[in-house]
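Novice: Right, I'll just put the structure down here and ask away after.
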Amino acid sequence: MHLLVYGPGRLGGAIARAAKDVGWTATLVGRPGAAGERVAAPLAGVVIEASAGSAVAGNLAHALAAGNRRFVLAASAWDQDLPQIRTLLLAHDAAAVVAANLALGAAIFLRLAEQAAAMYARAGGFEPSIVEWHRRGKADRPSGTARHLARRITAADPRWAGPDAVGDGRPALEVVGIRAGVAPGTHLVTFDGPGESVELRLTARDRTAYADGALAAARWLARDDRAPGFHPFDAVVDDLLAATPTTAVAAPA
């Protein structure tokens with residue numbers, strides 16, 4: 001398969017290397033010229049958007065104009081352009097997998113945090129919070145993963161207002177972002193109660209997990225005709241989990 005990857009930075013480079021490792025090819029596309037000029041995009045099996053959030057809508061339009069119809073949106077901080085991007089996809093009968101975090105471990109971590117939030121809400125007396133830590137150069141704060149975590153936690157525990165509902169009278173879920181060093185990303189979810197505190201932690205060691213998830217999403221898109229519009233990465237994860245056999249570990253004699 002040939003991938004068209006927008007964003008030749010850390011994530012885009014990791015995706016291109018992962019594609020090469022599985023025998024695929026990839027074309028990396030950088031920013032437009034100073035005057036906005038750009039050559040036509042090539043036709044690819046799947047387009048992966050891994051650039052800055054502010055560039056997503058323009059890059060999508062550029063790829064659609066060349067006839068591309070399958071997308072993986074791996075960038076973050078483009079929430080403000082969501083209606084425009086949805087309209088573009090539907091107008092061109094194009095499908096896109098969308099994820100705040102494309103790593104399989106992160107996707108399962110999001111589910112665990114949501115389930116834990118529901119249980120601690122029922123237990124009473126536990127207050128959730130989120131701390132995320134990324135490299136100094138990461139622009140968006142809080143991270144896309146932290147915002148998605150907040151949405152899932154507040155959906156399961158409606159005592160708290162999430163990032164889309166602040167100001168409705170409920171206390172806002174505490175979400176703190178740290179920008180320091182070079183680490184790819186750490187997300188800590190804490191449920192603090194009387195006499196005890198429970199933590200769930202996700203730590204990215206490098207970007208290979210994100211790249212592997214991007215390739216899994218590309219395979220999912222290419223395997224069948226998908227309905228136009230957005231598709232959550234959860235659909236890809238469900239597919240992967242269903243296809244992975246469980247090996248029982250024998251008990252010691």
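Novice: Against the definition (in contact with an Asp or Glu (Cβ under 7 Å, 6 or more places away or on another chain) and open to solvent by 70 Å² or more (accessible area, probe 1.4 Å)), how does ASP164 come out, yes or no? Write out each step before concluding.
Specialist: On the way: in contact with an Asp or Glu (Cβ under 7 Å, 6 or more places away or on another chain): no; open to solvent by 70 Å² or more (accessible area, probe 1.4 Å): yes.
Taking the combined requirement at face value, the residue does not satisfy it.
Novice: Something else: Which of the following residues is more than 28 Å from VAL176 (Cβ to Cβ) and in contact (Cβ under 8 Å) with a residue 12 or more places away in the chain: HIS187, HIS231?
Specialist: One residue alone meets the criteria, HIS231.
Novice: Tell me which residues, restricted to region 77-88, are open to solvent by 30 Å² or more (accessible area, probe 1.4 Å) and either in contact with a strand residue (DSSP E or B) (Cβ under 7 Å, 6 or more places away or on another chain) or assigned to a loop (DSSP other than H, G, I, E, B) (or both).
Specialist: At the first step, the residues of region 77-88 found to be open to solvent by 30 Å² or more (accessible area, probe 1.4 Å) are 77, 79-84, 86-88.
Scanning region 77-88 gives ALA77, ARG86.
Novice: Continuing with this model, one more query. Which of the residues that make up region 201-219 are touching a strand residue (DSSP E or B) at 6+ places or on another chain (Cβ under 7 Å) and touching a residue at least 24 places away in the same chain (Cβ under 8 Å)?
Specialist: Initial filter on region 201-219 (touching a strand residue (DSSP E or B) at 6+ places or on another chain (Cβ under 7 Å)): 201-204, 214, 217-218.
The answer is LEU202, ALA204, ALA214, ALA217, ALA218.
For (1) in contact with a Pro (Cβ under 8 Å, 6 or more places away or on another chain); (2) assigned to a helix (DSSP H, G or I); (3) open to solvent by 10 Å² or more (accessible area, probe 1.4 Å); (4) β-branched (Val, Ile, Thr), each residue gets a yes or a no:
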position: PRO8; (1), (2), (3), (4): no, no, yes, no
position: ILE15; (1), (2), (3), (4): no, yes, no, yes
position: LYS20; (1), (2), (3), (4): no, yes, yes, no
position: THR27; (1), (2), (3), (4): yes, no, yes, yes
position: PRO32; (1), (2), (3), (4): no, no, yes, no
position: ALA40; (1), (2), (3), (4): no, no, yes, no
position: LEU60; (1), (2), (3), (4): no, yes, no, no
position: ALA63; (1), (2), (3), (4): no, yes, no, no
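Novice: Which one is nearest to ALA155 (Cα to Cα) among residues in region 101-137 that are surrounded by 23 or more Cβ atoms within 10 Å (Cβ to Cβ), without any contact (Cβ under 8 Å) to a residue 60 or more places away in the chain and touching a Ser or Thr at 6+ places or on another chain (Cβ under 7 Å)?
Specialist: My answer is GLU132.
Novice: For ALA74, are the conditions met, namely being among the aliphatic types (A, V, I, L, M) and either under 26 Å from ARG151 (Cα atoms) or open to solvent by less than 30 Å² (accessible area, probe 1.4 Å) (or both)? Working first, answer last.
Specialist: Details: among the aliphatic types (A, V, I, L, M): yes; either under 26 Å from ARG151 (Cα atoms) or open to solvent by less than 30 Å² (accessible area, probe 1.4 Å) (or both): yes.
Here the answer is yes, as ALA74 does meet what is asked.
Novice: Enumerate the pairs (first residue in region 66-87 and at positive phi and among the small types (Gly, Ala, Ser); second residue anywhere and modelled with pLDDT of 95 or more and open to solvent by 80 Å² or more (accessible area, probe 1.4 Å)) with beta-carbon separation below 7 Å, excluding pairs fewer than 6 apart on the same chain, so at least 6 apart or on different chains.
Specialist: These pairs meet every condition: GLY67/LEU43.
The values are calculated or read from the model by the stated rules, or taken from the named source; none is laboratory data. Note that this is a predicted model, so its numbers are computed, not measured. Cβ sites come from the backbone with ideal geometry, for glycine too, and all protein chains shown count toward neighbours. Protein only, heavy atoms only, side chains kept; ligands, DNA and RNA dropped before computing areas. Shrake-Rupley method; radii C 1.70, N 1.55, O 1.52, S 1.80 Å.
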